[in-house]
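Worksheet: one structure, shown below.
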Amino acid sequence: MTKPTPQSGIEEIEAYVGGRAKADPGVQTYKLSANETPLGPSPKAREAYVAAAQNLEHYPEGSAAPLREAIAKRFGLAADRIVCGAGSDELLHLLAQCYVGEGDETIMSEHGFLVYEIITKAAGGTCIQVPEKDLKTDVDAILAAVTEKTKIVFIANPNNPTGTYLPSDEMKRLQAGLRPDILLVVDAAYAEYVSRNDYDAGIELVATNENVVMTRTFSKIYGLAAARLGWLYGPAHVCDTLNRVRGPFNVSTPAMMAGVAAMEDIAHVEKARAHNDEWLQWLTERISALGLEVTPSAANFLLVRFPNEPGRTAAEADAFLMKRGLILRAVAAYGLPDCLRLSVGTEEANRLVVDALADFVKGGAL
């Protein structure tokens with residue numbers, strides 16, 4: 001029987017699966033699987049969202065001008081070089097749609113964000129994954145993988161799920177080594193958490209080059225994951241291209257106004273960053289002291305490696321923690337079957353997960 005069929009390659013895509021949200025019944029749940037902020041959004045953002053919801057019969061401002069102007073003011077950017085979307089995911093999809101076609105290639109690191117491969121395949125292209133060095137993006141490996149078919153290089157900086165990052169001089173070296181017709185996409189979803197002096201989110205690279213874009217999100221430190229809100233800063237010609245194909249009202253008014261308020265509440269962002277700085281270090285030290293390998297992270301999560309030994313594996317640790325309501329992220333799909341990703345949570349959740357890991361390592365009972 002004849003039926004409509006999707007484009008070639010679509011049915012080969014493995015759908016993205018987010019972090020689990022529920023543990024076993026009957027136990028209090030601590031969700032540490034999705035890198036969400038334990039502080040929640042700014043109270044001002046909540047108020048703005050509710051206020052905007054009183055006029056749901058009206059279409060949003062089509063270009064998200066209020067939000068673009070708030071972002072531009074906060075970071076000293078030109079508002080007409082900012083494009084907003086329903087999360088940075090939508091903007092990444094649009095970039096692939098616009099710049100990748102049948103037979104084209106994109107490049108990502110082997111433990112990079114799974115969405116890069118999905119959007120490449122959806123556009124008819126092939127995503128080339130290059131090896132990392134010590135769980136860090138390898139600039140030389142990426143440059144060596146470039147061919148005449150390469151259209152986009154995706155770099156998550158810091159990277160998810162490893163938490164590692166490329167310093168600004170390495171990012172500049174990467175850009176300088178690419179042909180000018182190759183688009184370098186800097187996915188800086190966790191930029192607000194980075195406190196390293198040698199890090200740049202990508203603003204300078206975009207400002208000084210015609211083939212670099214930076215994507216950011218309100219889902220992490222701003223706590224607006226449910227609102228689906230992200231933004232992109234890029235060259236004028238890229239923004240013009242995206243604005244031709246994006247949905248005309250792709251950012252809802254409540255999300256937009258919550259984003260404006262969140263962007264203006266600098267004190268809340270600083271509070272969230274301070275909480276993360278304190279507990280990221282605490283978790284790193286305590287979990288390392290248990291004999292587990294922890295990858296140094298610049299974001300709001302940790303990658304914890306478990307021994308490949310019966311009774312001590314990542315899968316067994318995951319099941320053990322789930323029984324206590326502690327939900328971490330299994331990352332086998334990222335090529336890291338021996339690891340779990342742990343989001344920094346509340347003080348209570350952080351202490352509970354360390355205690356639980358200590359019991360697991362000792363072979364203790366549930």
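None of the figures in this text is laboratory data; all of them are computed from the coordinates on show. Every value quoted in this text rests on a predicted model; they were computed, and no experiment measured them. Heads up, the Cβs are rebuilt from the backbone with ideal geometry, glycines too, and the neighbour counts pull from every protein chain shown.
Relative contact order for segment 295-366: 33 percent, from Cα pairs under 8 Å spaced at least 6 residues apart, divided by residue count. Shown here for segment 153-216: GluC sites (Glu not before Pro) in loop regions (DSSP other than H, G, I, E, B) with at most 16 other Cβ atoms within 10 Å, namely 210. If only the Cβ of Lys and Arg carry +1 and only the Cβ of Asp and Glu carry -1, the dipole of the chain around its Cα centre is close to 640 debye. Across the cross-link table entries 136/362; 136/220; 151/220; 136/172; 31/323; 220/271, which are compared at the Cα atoms, the separations over 19 Å belong to 136/362; 136/220; 151/220. Positive end of the dipole of the chain (Cβ unit charges, origin at the Cα centre): among 119, 139, 289, the Cα lying farthest that way belongs to 289.
The helix-only estimate of mean residue ellipticity at 222 nm for the chain, built from DSSP H runs of length n ≥ 4 each weighted as -39500 (n - 2.57), is -11500 deg cm²/dmol after division by the residue total. Rg over Rh for segment 208-313 works out to 1.12, both radii taken from alpha-carbon positions and Rh defined as the Kirkwood radius.
Are there trypsin sites (Lys or Arg not before Pro) in segment 275-320 that DSSP puts in a loop and that have at most 10 other Cβ atoms within 10 Å, and which ones?
Values: sites: 286, 305, 312; in loops: 312.
Listed in order of number, the matching sites amount to none.
Using Cβ point charges alone (K and R +1, D and E -1), the dipole size of segment 260-366 about the Cα centre works out to roughly 300 debye.
Looking only at chymotrypsin sites (Phe, Trp or Tyr not before Pro) in DSSP loops with at most 14 other Cβ atoms within 10 Å, what is the longest site-free stretch of the chain? Segment 17-248 is the longest. The relative contact order of segment 35-161, computed from alpha carbon pairs under 8 Å that lie at least 6 residues apart in sequence, is 21 percent.
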